[in-house]
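Have a look at the structure below before the remarks.
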């Protein structure tokens, strides 16, 4: 999700939230006192690490069964030539670029804290510098990608992100901030240029919508596995080279990714628009959005869901930590890495579910509405669990709600990719995708700056509200689609 989706990677924010000393101590003490004896019979044996190891194993088993069943029941032409060709060319490159992004996330706070003296204040400013860069420069980067070519834009991402990664070797503040600005611009390219290239390539070879949807599903399903592997590699790199190690190692992925772009991708640019000028402009992109309500609704869904997702990323560590301490004791460590792995497998289950729904001829609009509704319910349940449950019941409720939300995340990304391919005109695809990120960034930054006032529960309540609004937008999009279908009859 992406600004964006997306600022850093999910894991980047996990790292920050765990290290920024957010105001959760009072809540933790409250839960520990109330939760220590509320439900003694429900207390799981062993440690939190053992608990989440067991849950991870169960989720992996469920994912294997789901994937095997989906493949066995695949009686559609998912193996058609166009689909196989899209996956062959796009997926390896996409996963390499995503691996570079995931590599850096876990050590964002640590690497910058090791470079500056006033670690908390300056790291927060560096964090926001990346956000601001994506928000300010994203639409312009998207315009250049549409006009000059999506292949060139993807290569530009590799170069900018590599420069940003190498900037972490410096202790000079000007270089560190310059690196964050480059990283923000690179992020806007990562989450627009490759997807725009994929859609353009699909149109060039006349691939079906089903083939494109299958490619999106495979891309984001595999991305969950890439995140887990990249996290492990980042740990090894950090052990060998310190917190800068993962950033150095990510340059290798960027280099290999750039080579695959150069050797395997053909260039594509924006299709000609209906305007009198062939030049891609941000003003024209805004006009296209205003003239087509469906584009606005897709943008609202993206901004609201991804905004909620990043608020969740900021807040799940303190929420889970207080629940773990309420069950296992105040000195019990929270196994963030194991929980993160569980989240990624839940995402994989979601992407598998998307493929199955697509083969059942469920429209992507209907799938999106179901996803938004389920996500809103999950987040509301998590918010309520913090207020009204204690002890093992609180941990069970939070864990279940968070796993369900991550499953919705796995459903969301192939869904929103398919919606953008369907409704966002190719003439301004990259720039419109980056415009969608402006309200998203505003939501995330507002919550980030207000976190001491909101607290964990307040932040999750904001996320719940955003998801309810996203559900409303999805329902409106579905209704518009039905009206359009009836008008064609």
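For the range 184-205, the tally of residues that are within 16 Å of residue 91 (Cα to Cα) and assigned to a helix (DSSP H, G or I) stands at 11.
In the set (1) buried (at least 17 other Cβ atoms within 10 Å of the Cβ); (2) modelled with pLDDT of 90 or more, the condition left unmet by residue 273 is number (2). Scanning the range 320-366 for residues that are at pLDDT below 90 and not in a helix (DSSP H, G or I) yields 329, 330, 331, 332, 333, 334, 335, 360, 361.
Looking only at residues that are modelled with pLDDT under 70 and surrounded by fewer than 15 Cβ atoms within 10 Å (Cβ to Cβ) in the range 276-288, which one is nearest to residue 146 (Cα to Cα)? Across the range 276-288, the extreme among qualifying residues is 279.
As for the range 342-357, it holds at least one residue that is under 27 Å from residue 452 (Cβ atoms) and out of contact with any strand residue (DSSP E or B) (no Cβ under 8 Å at 6 or more places or on another chain). In the range 59-70, the residues that are within 14 Å of residue 341 (Cβ to Cβ) form Cβ pairs under 6 Å with partners that are assigned to a helix (DSSP H, G or I), at six or more places apart or across chains, as follows: 59/342; 59/345; 60/345; 63/345; 63/348; 63/349. Is it the case that residue 237 is farther than 30 Å from residue 447 by Cα, buried (at least 17 other Cβ atoms within 10 Å of the Cβ), in contact with a helix residue (DSSP H, G or I) (Cβ under 6 Å, 6 or more places away or on another chain) and modelled with pLDDT under 90? Considered against the rule, which asks whether it is farther than 30 Å from residue 447 by Cα, buried (at least 17 other Cβ atoms within 10 Å of the Cβ), in contact with a helix residue (DSSP H, G or I) (Cβ under 6 Å, 6 or more places away or on another chain) and modelled with pLDDT under 90, residue 237 comes out as no.
From the list 186, 222, the lone residue that is out of contact with any strand residue (DSSP E or B) (no Cβ under 9 Å at 6 or more places or on another chain), surrounded by fewer than 24 Cβ atoms within 10 Å (Cβ to Cβ) and on the phi < 0 side of the Ramachandran plot is 222. Taking the listed residues 387, 378, the one that is surrounded by fewer than 18 Cβ atoms within 10 Å (Cβ to Cβ) and in contact with a helix residue (DSSP H, G or I) (Cβ under 8 Å, 6 or more places away or on another chain) is 387, with no other qualifying. For the criterion of being at negative phi and touching a helix residue (DSSP H, G or I) at 6+ places or on another chain (Cβ under 8 Å), residue 259 fails. Being under 23 Å from the mean Cα position of the chain (by Cα) and surrounded by fewer than 24 Cβ atoms within 10 Å (Cβ to Cβ) is not true of residue 307. Contact map, the range 90-109: first residue outside the structural domain of residue 184 (by TED's automatic domain parsing), second residue modelled with pLDDT under 95 and in a helix (DSSP H, G or I), Cβ cut-off under 7 Å, separation 6 or more or different chains; the map is empty.
The values are calculated or read from the model by the stated rules, or taken from the named source; none is laboratory data. Nothing here was measured: the structure is a model prediction, and the numbers come from that model. Note that each Cβ is placed from the backbone with ideal geometry, even for glycine, and that neighbours are counted across all protein chains shown.
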